[in-house]
Every structure is written in structure tokens, then in C-alpha cells.
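Everything below concerns the one structure shown next.
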Amino acid sequence: MSESLDKSDIVKIITLIRVNFENAYPCRGEAFDLLVESWYSILKPYHRAVVFEATKRSLTHSEFAPRIGNIVNEIERMTSAIGKSDVDLWVELNGVLCETYRCRHTLHCNFREDDGLTQGEKAAARLEEIFNGLSEEVREYVGSVHHLCVIAEYDEEQLSMEKGRFFRTVPALRERVRTKKELPQNVLALLAPTTKALPN
């Protein structure tokens, strides 16, 4: 079976809900087509098996016919159950600070190695790798390679304060990452902040 969700799967899901809850989604014809289309547009980013498992769980726990929001919430619960905890994310960030510090202090080294690159160029490339290798939530928090380097310079007291800020921010970070994943690229582009020229 295909891993991707299609509209026939949405029909099966709605039928499954109808079988379990009398009078659920009684619409027909064009209204039913619109219902299928709207559910498909919301659920298509998710793996087919995940959607069906979330539907089954929603049916198990619901006293009323599950709505699309119930299924999405169930998917989010399933995802968060296997994702990294807040502590895991902080450990991940903390774990790259020593190497980030070393790379930061090698950026201006002009010694050219056998491969033709300077140590500074290699350090810059490695900093990009470190940043891009972080979990999405950690990247969202750090924001840039530059700010990662700033955090790497913190002393023990500053890092302790940063840890507190990090844990207070994690719920919002998770929500932002989730929202970015759900939004189509064209909508993200429209919502992205743009830099306006200053008036003369």
C-alpha cells in the first residue's frame, strides 16, 4: 500500500467515523466532496499509517464523532510522545557549544592546509554544519550561526540564565516549528518578514 494519503483514504476515514457514530457527517453530493477535500488538504502532509492510527485512537477516546481537529491533535500527541523532550533539546544545544567555541576562535586563522582551504574557511563551514544539524526547535531558538557563537562564549552563570530562558521558550518553539511545517511554502513566503528600505 502507498505511504501517501489520498482522497479515497479520507472517504474511508469518514465512513469509519459514520459506522461508529450514527448521524455523523450526513452530508452528500457536493457537500460531501467539499468535506473530503477539506480533510484531505489538512491531513495530506502526514503519513497514511499515522493518520489511520490517529483516527483509530480518536474513535477509542471520543464520546462524540471525531472532528478533523481531534485527529490532528492525536497525531500531534503521537509525534510528541516519540520526539525529544525539553531536556533532550537543551542537552543537544549544550553538547555543541565546546566545538562551536573552538570553531569561532579559528575563523580568522589564515593558515592554508593541503586541500587549499584555510583553517578559518573550514571552521566557518563546520559552524554551518553544526547549526544545520541541530533539531528544528533548537535552530528556531538559536536563530543563526552568529547567535550560536554568542551562546558558546557564555560563562557558567550566563549559561545558567540561558537555560532558564530556553525552557520557558520551548513550548512556543514547538508550536512555531509545527506551524511552519503545516503551512504551504507559498503562504510561508507571504508571511515571512521583509526588509523595507529606510526613507531618504
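At-a-glance table
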read-out	value
Test: residue in segment 21-37 that is out of contact with any His (no Cβ under 6 Å at 6 or more places or on another chain), within 22 Å of ARG77 (Cα to Cα) and either assigned by TED's automatic domain parsing to the domain that holds VAL72 or of a type outside the set (A, V, I, L, M) (or both)	no
Segment 21-38: number of residues that are loosely packed, with under 14 Cβ neighbours inside 10 Å, over 31 Å from the mean Cα position of the chain (by Cα) and not small (Gly, Ala, Ser)	6
Filtered residues of segment 33-48 (kept if assigned to a helix (DSSP H, G or I) and either in contact (Cβ under 8 Å) with a residue 12 or more places away in the chain or among the acidic types (Asp, Glu) (or both))	ASP33, LEU35, VAL36, GLU37, SER38, TRP39, TYR40, ILE42, LEU43, ARG48
Residue in segment 117-158 that is farthest from GLU175 (Cα to Cα), counting only those that are polar (S, T, N, Q) and surrounded by 14 or more Cβ atoms within 10 Å (Cβ to Cβ)	THR118
Single match in ARG139, ARG126 (criterion: within 24 Å of the chain's Cα centre (by Cα), over 27 Å from GLY164 (Cα atoms) and in the same structural domain as ARG168 (by TED's automatic domain parsing))	ARG126
Test result for ILE75, surrounded by 13 or more Cβ atoms within 10 Å (Cβ to Cβ), closer than 30 Å to GLU137 by Cβ and within 22 Å of the chain's Cα centre (by Cα)	yes
Single match in LEU93, LEU89, LEU107 (criterion: closer than 17 Å to TYR154 by Cα and either surrounded by 15 or more Cβ atoms within 10 Å (Cβ to Cβ) or touching a Ser or Thr at 6+ places or on another chain (Cβ under 8 Å) (or both))	LEU93
Within segment 73-99, considering residues that are within 16 Å of PHE131 (Cβ to Cβ) and part of a helix (DSSP H, G or I), the one modelled with the lowest pLDDT	LEU89
Among residues of segment 53-67, those that are assigned to a helix (DSSP H, G or I) and surrounded by 17 or more Cβ atoms within 10 Å (Cβ to Cβ), counted	5
Single unsatisfied condition, TRP90 versus (1) under 21 Å from ARG174 (Cα atoms); (2) without any contact (Cβ under 8 Å) to a residue 24 or more places away in the chain	(2)
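The values are calculated or read from the model by the stated rules, or taken from the named source; none is laboratory data. Quick caveat: nothing in here was measured; it's all calculated off a predicted structure. No Cβ is skipped: glycine too gets one built from the backbone with ideal geometry, and neighbour counts run over all protein chains shown.
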